[in-house]
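Q: Input: one structure, supplied below.
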Amino acid sequence: MPRMIFVNLPVANLPASVAFYQALGFQKNPQFSDDTAACMVWSEAIYVMLLTHDKWRTFTDRPIPPPTSSEVSLALALDSREAVDAMIEAAAANGGTADVNPVQELDFMYARDLTDPDGHIWGPLWMDMAAMPAG
């Protein structure tokens, strides 16, 4: 079995979160989705489980952080600067917030940050490994 990652996120409004992630390019896997959770597929190895607050609380009794917190930032590599910009625009048009942190623009890398409707931070980025400085 290949190594995979399942990112579990508590969400306040499951249908709105599903629509948001679909707008960013994630695919919903109905086999692992129901009224309390939705499995959103980014790639063959990366899955995001969107969990209602009640479902989340079946996994832990730790409090759900407010949307203004920064518990984690998840980065997604994209194929171009334009793809980064398109994801940021899709986030802003679908209930997220664009550019929650300063844009990172280096000779070899371009990165921007967004939040989903629940404040989870995602960082779409593009890198040109051939232009990356040595060392």
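Every number in this text was worked out from the coordinates using simple rules, so none of it is lab data. In this text the structure is predicted, and so the values were computed from the model without any measurement. FYI the Cβ positions are ideal-geometry reconstructions off the backbone, even for glycines, and counts take in every protein chain you see.
Q: Using Cα-only point scatterers and the Debye equation, what is log10 of I(q)/I(0) for the chain at each q in 0.09, 0.14, 0.16 Å⁻¹, rounded to two decimals?
A: For the chain at q = 0.09, 0.14, 0.16 Å⁻¹, log10 I(q)/I(0) is -0.28, -0.66, -0.84.
Q: Given a cut-off of under 8 Å on Cα pairs at least six residues apart, what relative contact order in percent is computed for the chain?
A: Computed value for the chain: 22 percent relative contact order.
Q: Next question. Running a GNM on the chain with Cα contacts under 10 Å, which residue among 52, 115, 36 ends up with the highest mean-square fluctuation?
A: Evaluated over the chain, the most mobile residue of the options is 36.
Q: Further question: If you put +1 on each Lys and Arg Cβ and -1 on each Asp and Glu Cβ, how big is the dipole of the chain around its Cα centre, in Debye rounded to 20?
A: Approximately 400 debye in magnitude.
Q: If you don't mind, another one. Listing 57, 112, 81, 62 from the residue with the fewest other Cβ atoms within 10 Å to the one with the most, what is the order?
A: 62, 57, 81, 112
Q: Tell me, what HN-Hα J-couplings in whole Hz come from the Karplus equation 6.51 cos²θ - 1.76 cosθ + 1.60 at θ = phi - 60° for each residue of region 61-74, using x for Gly and Pro?
A: 9, 5, x, 7, x, x, x, 8, 8, 10, 7, 6, 10, 10
Q: Sequence-distant or interchain residues sharing an amide H contact under 5 Å with residue 113, placed H: which?
A: Correct list: 99, 100, 101.
Q: Turning to a different aspect of this structure: State the answer as a single residue: which of 33, 21, 69 lies farthest towards the positive end of the charge dipole of region 1-121, with beta carbon charges of +1 for Lys and Arg and -1 for Asp and Glu, about the Cα centre.
A: Result: 33, furthest along the dipole toward the positive end.
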